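Nothing in this text is a laboratory measurement; each read-out follows from the coordinates by a stated rule. All values derive from a computational prediction rather than experimental measurement. Cβ placement follows ideal geometry from the backbone for every residue including glycine, while neighbour counts extend to all protein chains displayed.
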Amino acid sequence: MRNMPSVLVVEDESAIAELIAVNLRHNGFRPIWAMDSVTAQKDLDAGLPDLILLDWMLPGESGLVLAKRWRADPRTQSVPLIMLTARGDEADRVAGLDAGADDYIAKPFSTKELLARIRAVLRRRTPEQAGDALTVGALVLDPATHRVSFEERPLKLGPTEFKLLHYLMGHAERVHSRAQLLDKVWGDHVYIEERTVDVHVKRLREALLQAGNMVETVRGAGYRLTATPAVVVAVAVADKAGL
């Protein structure tokens, strides 16, 4: 049992929770069921699971509120989180991802797809193999220590943003389409929407603070990381021209 990945299932509908739990057990996972936010928080306080399946609509605090809180807490911010909800509109999916979810599954869903998404999230949350530190301009990423700094000041990145930055810095100045990033960073992009890339790029830029403009959007093509952002170049040209 100790080697079985644990999954905290936060779901108030007992029939759905039991269906998920049965399928998790049959596929090598150890489910922990919490039917509301209070119970879920107690379970997290007792020990961190390997992954959280979080329903949006819960009695008391909503899953969206919980996701934001857990992502803001250093102790729980790195726990993989998948949101389950009947709200399938694009705006709701984006809200769930913006709240910190790694993936989003709209009800009704197949158990096969759910298990595939769980495995995909756990795979991409696996730490990168240690390698040489990468430097682009004043931005430095060290895979061995899982640290990122800009102008020698440390930055805090979530695991997915770290992996995304690691790939972009390893292929700096190149333009990467959303599909290419899904393939290289997420791996199993069959179950991930391209819109997910935009959400994580937004999070990455916010986490990079002053270095955020180094991640450029190339209209109609995708994204690239550059040591000379267009904004910086424009300022330099203006200074040179005496404007």
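Side notes on the structure shown:
- The stretch 142-182: GluC sites (Glu not before Pro) falling in loop per DSSP and having at most 13 other Cβ within 10 Å: Glu151, Glu152, Glu173
- Aspartates and glutamates whose Cα lies under 17 Å from that of Lys42, excluding same-chain neighbours fewer than 8 positions away: Glu11, Asp12, Asp50, Asp55, Glu61, Asp73
- Within the straight-line cut-off of under 19 Å between alpha carbons, the lysines reachable from Lys184 are Lys163, Lys202, sequence neighbours fewer than 8 places apart in one chain being disregarded.
- Pairwise FRET efficiency - Thr228 versus Leu122, Cβ, R0 = 30 Å, nearest 0.05: 0.20
- Listed residues Phe150, Phe29, Phe109, most fluctuating in the chain (Gaussian network, C-alpha, under 10 Å): Phe109
- Table column - 3J(HN,Hα) (Hz), the stretch 36-50, Karplus curve with 6.51, -1.76, 1.60, x for Gly and Pro: 8, 5, 5, 5, 4, 5, 5, 5, 5, 5, 6, x, 7, x, 7
- For the stretch 6-124, the dipole from Cβ point charges (+1 on Lys and Arg, -1 on Asp and Glu) about the Cα centre works out to 500 debye, to the nearest 20.
- Fully extended contour minus Cα-Cα distance, from Asp98 to Lys156, at 0.36 nm per residue: 19.2 nm
- Between Thr135 and Glu13, full extension at 0.36 nm per residue minus the direct alpha carbon distance yields a gain of 39.0 nm.
- From the coordinates of this entry, P(r) over Cα pairs in 10 Å bins from 0, in percent is computed, and it appears in (i) 7, 28, 37, 22, 5, 1, 0; (ii) 7, 30, 32, 19, 8, 2, 1; (iii) 7, 28, 29, 19, 11, 5, 1, 0 under the label (ii).
- Distance (nanometres) between label positions extended 7 Å along Cα→Cβ at Lys42 and Ala72: 2.4 nm
- Extension gain, Asp183 back to Glu113 (0.36 nm per residue minus Cα-Cα distance, nm): 23.4 nm
- Distance from the alpha carbon centroid of the stretch 1-80 to that of the stretch 160-188 works out to 29 angstrom.
- Paramagnetic label reach from Tyr167 (point 7 Å along Cα→Cβ; backbone nitrogen cut-off under 15 Å): within the stretch 66-105, residues 103.
- Across the options Leu168, Ile16, Ala207, the greatest Cα extent toward the positive end of the charge dipole of the chain (unit charges at beta carbon of Lys, Arg, Asp, Glu) belongs to Leu168.
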